[in-house]
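These notes concern the structure reproduced below.
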Amino acid sequence: MAKLGPTPDAISTILACPDPSGSVERPDIVIQVLDLGPRGITYKFTASDGKMKLKGMFSSQLASQITSGNIQNLGLVRILDYAVNEIPGMSENYVLVKQCEVVSPALETEIKNEVISEVKSGEVGIILKPKQEMVSKSASQIVHEQNGNMAPAARMAMTRRVHPLVSLNPYQGNWTIKVRVTNKGTMRTYKNARGEGCVFNVELTDEEGTQIQATMFNEAAKKFFEKFELGKVYYISKGSLRVANKQFKTVQNDYEMNLNENSEVEEAINEAAFVPETKFNFVPVDMLGPHVNGKELVDVIGVVQSVSPTMSIRRKSNNESIPKRDITIADETKKTVVVSLWGELATSVGQELLDIADQSPIVAIKSLKVGDFQGVSLSTLSRSTVVVNPELPEAKRLRSWYDSEGKGASLASVGNGMSPLAKSGARSMYSDRVSLSHISDDPSLGEDKPVFFSVKAFISSIRPDQALWYRACKTCNKKVTEAIGSGYWCEACQKNDEECSLRYILVARVTDASGEAYLSLFNEEAERVIGCSADELDKLKSQEGEENVYQLKLKQATWVPHLFRVSVSQNEYNNEKRKRITARAVAPVDFAAESKFLLEEISKMKASQ
């Protein structure tokens, strides 16, 4: 009876060779998987050889094998490629399994000391197969060998050693990636307390369609700015990763890459170039409101309703003319939105859509900026991608809906119901209306990122003794300080002005039928609530007389109904999380529109009963 189990002393073998990439020969390593469980986008486990155990993690590209049931808890796997890393903040190692193959599904129990699970007579036990050489090579080595007319088999072997972007993490050692430059930024200069410098970014996409942003500073920026060309494919090695700053990231990736002057970048010139698969993260048209004027780009899919002729728009910055074409799309939410195609997209894809507009084509568009023109509008950027009639499940579902009911349905613009103050950043006041108790009673709201709602409420009080405004630079609106001698110093503009302006920054208590909350208001929103500018209110405060006109002005602003578009976020103060509700737009109540909204809500309630 042949015995089935882990390789004896497999854990000792792994620890003795923490980075096997340079080994000419490596032994077969079979371990038992214990304590398998999810961890973010990947899975953690404990590797066991019956005598010793080691904490481990499967790389994210193996997640599909776990969810499909190929890799199971208590099962046996042969580790083909791995790296041993130290757990941050702990004097303990873990093994990152990059490649493996399944030897056995789940056994009945955990194997301890000796191999206790047996194979039936006639079956073959574990065969220790010699592994082929897996030498880790840098980008320059790979390109050098390819330029030497390597055999196709050798080239394929090295292709397997190129890491997909999805497998990278900050704790990995050496890696090489093969990517296409899908967007290249301009060289920018900066100045801070540590001195002056330059920086630029590129967006990289691999064959699987995964994207990552790479940043280069100073010497690295100068070294690679001319090297990177838009659309070309490169091998990159000797870079580092860190957790992406959500405020500045432009691609869907938890990490961002940093390349320094020692990083290696080599163009892949002697092989067929790959075309990255475009991956989308679609936002329904009726959910575009929270993204208006935000930094995050969105992807949309819709049926084309109309296509405009090409227009020529003159840029203010350089007086250059640029072609523009507007298309209107709709989706299953029965809302429409206008998408402005700029530059080459207007003349190429835009013309194609105009030619087939009568067929109601479907378009999937990646990386759009959401603006507030006509309430909500979309615009393409240099990195935007437009795919006509894509082979996607979402496109098939959308086509089915449109052919069956959408073609004859009543469609409305997503900008309908916007306040007349939309150009100041107001979103729809009716698309996602909630009560104040919905915001205040949910402690988890805004934990990960700000969330947006609309509320109808009254200002119940504004404390007159609080600091209602700050002194601001007339050029950039940033805070100024009194200069030595006279005038006001602006740190942002690096200049001294004789005058400054006052801008509101205040907190008011708001109330509706469900409860109350404290709302932060900035200048434009506070002006609409109070009815005058901060400079005018300051003059009222300085007036003398029996009647306090300053407090009277604040009192007149209370108990007037308003529609607020608010953001909800959580800030940490003294190790305590606090919820912050900020007004992003304010509009007076349009009682006709409000009545229509309430009647629609009543109809929905009746229909659901």
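Values as computed for the structure displayed
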| quantity | calculated |
| --- | --- |
| Highest to lowest packing among 298-305, 229-236, scored as the average C-beta count within 10 Å | 298-305, 229-236 |
| Karplus (6.51, -1.76, 1.60) ³J(HN,Hα), θ = phi - 60°, over region 225-232, in Hz, Gly and Pro reported as x | 4, 6, 5, 6, 10, 4, x, 8 |
| Expected-Rg normalisation [2.2 N^0.38 Å, Cα atoms] applied to region 193-237 | 1.32 |
| Hull volume in cubic angstrom per residue (convex hull over the Cα atoms of region 449-509) | 141 |
| Whole-Å distance, taken between Cα centres, linking region 46-110 and region 488-527 | 54 |
| Where Glu266, Glu600 fall by accessible area, highest first, once all protein chains stay in place (1.4 Å) | Glu600, Glu266 |
| Accessible-area value, Thr205, 1.4 Å probe, nucleic acids and ligands omitted, Å² | 10 |
| Per residue Cα convex hull volume in Å³ - calculated over region 185-270 | 110 |
| Mean projected area (nm²) of the alpha-carbon convex hull when region 281-373 is viewed from all directions | 6.3 |
| Pairs of Cα atoms farther than 17 Å apart, region 214-254, % | 46 |
| For region 457-609, the spread of Cα positions along each principal axis, largest first, Å | 72, 45, 29 |
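The values are calculated or read from the model by the stated rules, or taken from the named source; none is laboratory data. Because the structure is a prediction, the values reported are computed rather than measured. Neighbour counts run over all protein chains shown; Cβ positions are idealised from the backbone, glycine included. When the accessible area is computed, the model is the full protein with side chains, heavy atoms only, and any ligands, DNA or RNA have been set aside. Shrake-Rupley method; radii C 1.70, N 1.55, O 1.52, S 1.80 Å.
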